[in-house]
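Enquirer: Just dropping this structure here.
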Amino acid sequence: MTDTSTAQDLQAILQTMKRAQRAAGPASADLRHDRLTRAAALLQDNRDALARAMSDDFGHRAVYHSLTADIATTVAALRYSAEHVAEWMVREDVATADSAVKAWIEPQPLGVVGIVSPWNFPLNLAFSPLAGVFAAGNTALIKPSELTPRTSDLLGELVGTLFDADELGVVIGGPDVAQAFTALPFDHLVFTGSGNVGRQVMRAAAANLVPVTLELGGKSPVVIDEGFDVAIAAERTLTVKTFNAGQICLSPDYVMLPEGAQDAFVSAARAFIAGAFPSIQSNDDYTSVVSDRHFARLVGLIDDAKAKGASVVSLAPAGEPAHNAETRKMAPVLLLGVDQTMQVMQEEIFGPILPVMTTSGLDQAIDHINDHDRPLAAYLFTDSQASVERVSAQVTSGALIVNDIMLHASMDALPFGGVGASGMGAYHGVHGFRRFSHLRPVVHQGQAGTSGMRLRAPYAQKQAALEEALAARR
């Protein structure tokens, strides 16, 4: 499929997949297991070629970033679903008031699911949803990002060798193809990306009443509580802020720490980066920003913050530039003295820039978070269980992680998703199975049918008995 694909082409592909799905009937546990296993094998067996393609698309991407986040984590998610799919498929029997009536809940496949995956983790964010989609007995059509064309093309080739076209397909193309894709009458649509594009996707899906799962990221805060070791918080925050050069939906977007702790945080950040990345521009462990446009945007965020009064602290190694447009490598940057007039505090950063704010205490930090869109994750560093309970009770977020960053993302037993502006719907593990299933109630009336007689006229005697029963419940 290319950029010249028309909406009619896409409609024909989808309708062919829907007809095949209906003709085949619900996929057996063995078939679901087989599809999940094939998907895992696709990634595992072709990991070197896929890592090279991703690095070429980024300009440079650390092989470890690709093997960890896009290959190993995703393979684990697919194999986890394969291991558990048979037990997830078992119907749930439900107690009834009439012993002659049997009732249960049976998970039913939705049909064909569309997956729009982004560029930052081009395999993980296509195949992690697929773990739930296949487990639930659906088939799928993937639209990968045009910003990682080598990875997308290779993915399309590999899928074609391991899957029939009516099981799994890949649609290649730019924004026009993506727009036509999201307007298709899928049985469910998964989108990962920005909030602005998410709104457009939701509008397009609404025309066909297609249910959506949106993972939209946003500004995930880091709160460092009074008394917590600032060095530990800095190290764990920057571990993830430098992974994939901060191009992660769950990346910490800004830090709030107690007054008087800023200098300690800056010192700890300098020491950590010096140890982890003694060089950056020539370091294979450090990933480039994905495109010239994204690089220019990040530089613009720094310039805007500086012009509005922020102090810029580059953590680049001595003798190296803060950033290099040729390599598109940007050393981690701290922005001190930020405020809400700055663009960097108004939009998701998606890069190695970390604004740092000071607060008068936990109450102010909680108020700041609650005054803005609900984040995909909230990160709290504290030694106080009372503080954990306060933040848990008062802050609504997609996830709450205490004393670390992004720890939940690879835990397949946990639901992954946002809330409010950071998204809707969650998947991973059984939560993905349920997300992409219709949990259909089934009721089997007994032969006598006595429980249905209460609706049959005449009503006078029934009404009197009902009124007496209602009066007795007061």
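The values are calculated or read from the model by the stated rules, or taken from the named source; none is laboratory data. Computed from a predicted structure; not experimentally measured. FYI the Cβ positions are ideal-geometry reconstructions off the backbone, even for glycines, and counts take in every protein chain you see.
Enquirer: Give the stretch 157-171 a look and list any residue that's surrounded by 17 or more Cβ atoms within 10 Å (Cβ to Cβ) and either in a helix (DSSP H, G or I) or hydroxyl-bearing (Ser, Thr, Tyr) (or both), or say none. So that I can check it myself, show each step before the final result.
Expert: First, the residues of the stretch 157-171 that are surrounded by 17 or more Cβ atoms within 10 Å (Cβ to Cβ): 158-159, 163, 166-171.
Answer for the stretch 157-171, where residues must be surrounded by 17 or more Cβ atoms within 10 Å (Cβ to Cβ) and either in a helix (DSSP H, G or I) or hydroxyl-bearing (Ser, Thr, Tyr) (or both): Leu158, Val159.
Enquirer: Could you run through the stretch 374-393 and say how many residues are small (Gly, Ala, Ser), under 15 Å from Gly217 (Cβ atoms) and part of a loop (DSSP other than H, G, I, E, B)?
Expert: Step one: list which residues in the stretch 374-393 are small (Gly, Ala, Ser), which gives 377-378, 384, 386-387, 392-393.
Then drop every residue that is not under 15 Å from Gly217 (Cβ atoms), which leaves 377-378.
If we keep only those that are part of a loop (DSSP other than H, G, I, E, B) too, we end up with 377.
The qualifying residues number 1.
Enquirer: Quick one: in the stretch 143-178, which of the residues that are of a type in the set (D, E, K, R) and either farther than 18 Å from Met17 by Cα or in contact with an Asp or Glu (Cβ under 6 Å, 6 or more places away or on another chain) (or both) is modelled with the lowest pLDDT? Working first, answer last.
Expert: Let us first name the residues in the stretch 143-178 that are of a type in the set (D, E, K, R), namely 143, 146, 150, 153, 157, 164, 166-167, 176.
From what is left, the residues that are either farther than 18 Å from Met17 by Cα or in contact with an Asp or Glu (Cβ under 6 Å, 6 or more places away or on another chain) (or both) are 146, 150, 153, 157, 176.
Values: Glu146: 96, Arg150: 98, Asp153: 97, Glu157: 97, Asp176: 93.
Among them, the one singled out is Asp176.
Enquirer: Does the stretch 277-286 contain at least one residue that is touching a residue at least 60 places away in the same chain (Cβ under 8 Å), outside any loop (DSSP other than H, G, I, E, B) and not small (Gly, Ala, Ser)? Walk me through it before giving the result.
Expert: As a first pass, look at the stretch 277-286 and keep what is touching a residue at least 60 places away in the same chain (Cβ under 8 Å): 284-286.
Narrowing further to those that are outside any loop (DSSP other than H, G, I, E, B): none.
No, every residue in the stretch 277-286 fails to be touching a residue at least 60 places away in the same chain (Cβ under 8 Å), outside any loop (DSSP other than H, G, I, E, B) and not small (Gly, Ala, Ser).
Enquirer: For the stretch 232-252, enumerate the residues that are assigned to a helix (DSSP H, G or I) and either β-branched (Val, Ile, Thr) or in contact (Cβ under 8 Å) with a residue 40 or more places away in the chain (or both). Before you say what the answer is, go through the steps one by one.
Expert: As a first pass, look at the stretch 232-252 and keep what is assigned to a helix (DSSP H, G or I): 232-241, 243-246.
Within the stretch 232-252, Ile232, Ala233, Arg236, Thr237, Leu238, Thr239, Val240, Lys241, Phe243, Asn244, Ala245, Gly246 meet the criteria.
Enquirer: Which residue is farthest from the chain's Cα centre (by Cα), if the candidates are limited to the stretch 72-100 and must be surrounded by fewer than 18 Cβ atoms within 10 Å (Cβ to Cβ) and of a type in the set (A, V, I, L, M)?
Expert: Step by step, filter the stretch 72-100, then rank; the result is Ala100.
Enquirer: Can I ask one more? Residue check: is Ser279 among the small types (Gly, Ala, Ser), modelled with pLDDT of 95 or more, closer than 17 Å to Leu335 by Cβ and surrounded by fewer than 22 Cβ atoms within 10 Å (Cβ to Cβ)? Give the steps one after another, and end with the answer.
Expert: Working: among the small types (Gly, Ala, Ser): yes; modelled with pLDDT of 95 or more: yes; closer than 17 Å to Leu335 by Cβ: no; surrounded by fewer than 22 Cβ atoms within 10 Å (Cβ to Cβ): yes.
For Ser279, the condition - among the small types (Gly, Ala, Ser), modelled with pLDDT of 95 or more, closer than 17 Å to Leu335 by Cβ and surrounded by fewer than 22 Cβ atoms within 10 Å (Cβ to Cβ) - is not met.
Enquirer: For the stretch 1-58, which helices (runs of 4 or more DSSP H) that fit wholly inside it have 3 or more residues that are of a type in the set (Lys, Arg) and assigned by TED's automatic domain parsing to the domain that holds Leu158? Write out each step before concluding.
Expert: Numbers: elements: 7-24, 29-45, 47-58.
Hits in the stretch 1-58: 7-24, 29-45.
Enquirer: Now for a different question. Sort out which residues of the stretch 409-434 are in contact with a strand residue (DSSP E or B) (Cβ under 9 Å, 6 or more places away or on another chain) and more than 27 Å from Pro221 (Cα to Cα), and write them in order of number.
Expert: Phe433, Arg434
Enquirer: Now for a separate question. Are there any strands (runs of 3 or more DSSP E) wholly within the stretch 309-373 with 2 or more residues that are under 29 Å from the mean Cα position of the chain (by Cα) and under 21 Å from Thr237 (Cα atoms), and if so which?
Expert: Details: elements: 311-314, 333-336, 353-359.
Fully inside the stretch 309-373 and qualifying: 333-336, 353-359.
Enquirer: As an exercise: evaluate Val177 against (1) touching a Lys or Arg at 6+ places or on another chain (Cβ under 9 Å); (2) surrounded by fewer than 23 Cβ atoms within 10 Å (Cβ to Cβ); (3) closer than 25 Å to Arg374 by Cα; (4) assigned by TED's automatic domain parsing to the domain that holds Tyr64 and give the number of the one condition it does not meet.
Expert: That leaves (3) as the condition not met.
Enquirer: Filter the stretch 181-222 down to the residues that are outside any strand (DSSP E or B) and hydroxyl-bearing (Ser, Thr, Tyr), then identify the one that is nearest to Pro352 (Cα to Cα). Even if it seems obvious, please write down each step before you answer.
Expert: Within the stretch 181-222, the subset outside any strand (DSSP E or B) is 181-187, 193-211, 216-219.
If we keep only those that are hydroxyl-bearing (Ser, Thr, Tyr) too, we end up with 182, 194.
On the way: Thr182: 31, Ser194: 18 Å.
Per the stated criteria, the residue is Ser194.
Enquirer: OK, next. What are the residues in the stretch 253-272 that are closer than 17 Å to Ala331 by Cα and among the β-branched types (Val, Ile, Thr), if any?
Expert: Result: Val266, single match.
Enquirer: Shifting gears a bit: Checking the condition modelled with pLDDT of 95 or more, over 28 Å from Ala234 (Cα atoms) and either of a type in the set (Gly, Ala, Ser) or surrounded by fewer than 18 Cβ atoms within 10 Å (Cβ to Cβ) (or both), which residue from Leu439, Leu400 passes? Steps first, answer last, please.
Expert: Working: Leu400 fails: over 28 Å from Ala234 (Cα atoms).
Going through Leu439, Leu400 in turn, just one is modelled with pLDDT of 95 or more, over 28 Å from Ala234 (Cα atoms) and either of a type in the set (Gly, Ala, Ser) or surrounded by fewer than 18 Cβ atoms within 10 Å (Cβ to Cβ) (or both): Leu439.
Enquirer: For the stretch 191-210, name all the residues that are within 20 Å of the chain's Cα centre (by Cα) and under 20 Å from Thr16 (Cα atoms).
Expert: Residues satisfying the conditions are Ala205, Val210.
Enquirer: Would you confirm whether any residue within the stretch 213-226 is surrounded by fewer than 20 Cβ atoms within 10 Å (Cβ to Cβ) and free of Cβ contacts under 8 Å to residues at least 60 places away in the same chain? Full working, then the answer.
Expert: First pass over the stretch 213-226, keeping only residues surrounded by fewer than 20 Cβ atoms within 10 Å (Cβ to Cβ): 226.
Next cut, free of Cβ contacts under 8 Å to residues at least 60 places away in the same chain only: none.
Within the stretch 213-226, not a single residue is surrounded by fewer than 20 Cβ atoms within 10 Å (Cβ to Cβ) and free of Cβ contacts under 8 Å to residues at least 60 places away in the same chain.
Enquirer: Now for a separate question. So which residues in the stretch 419-429 are buried (at least 21 other Cβ atoms within 10 Å of the Cβ) and in a helix (DSSP H, G or I), if there are any at all?
Expert: Result: Ser422, Gly429.
Enquirer: Next question, about the same structure. Mind listing just one residue for me: the one in the stretch 131-154 that is in contact with a strand residue (DSSP E or B) (Cβ under 6 Å, 6 or more places away or on another chain) and assigned to a helix (DSSP H, G or I) and, of those, nearest to Tyr80 (Cα to Cα)? So that I can check it myself, show each step before the final result.
Expert: Step one: filter the stretch 131-154 for residues in contact with a strand residue (DSSP E or B) (Cβ under 6 Å, 6 or more places away or on another chain), giving 132-133, 136-143.
Filter again for assigned to a helix (DSSP H, G or I), leaving 132-133.
Working: Gly132: 10, Val133: 13 Å.
So, considering only residues that are in contact with a strand residue (DSSP E or B) (Cβ under 6 Å, 6 or more places away or on another chain) and assigned to a helix (DSSP H, G or I), the one nearest to Tyr80 (Cα to Cα) is Gly132.
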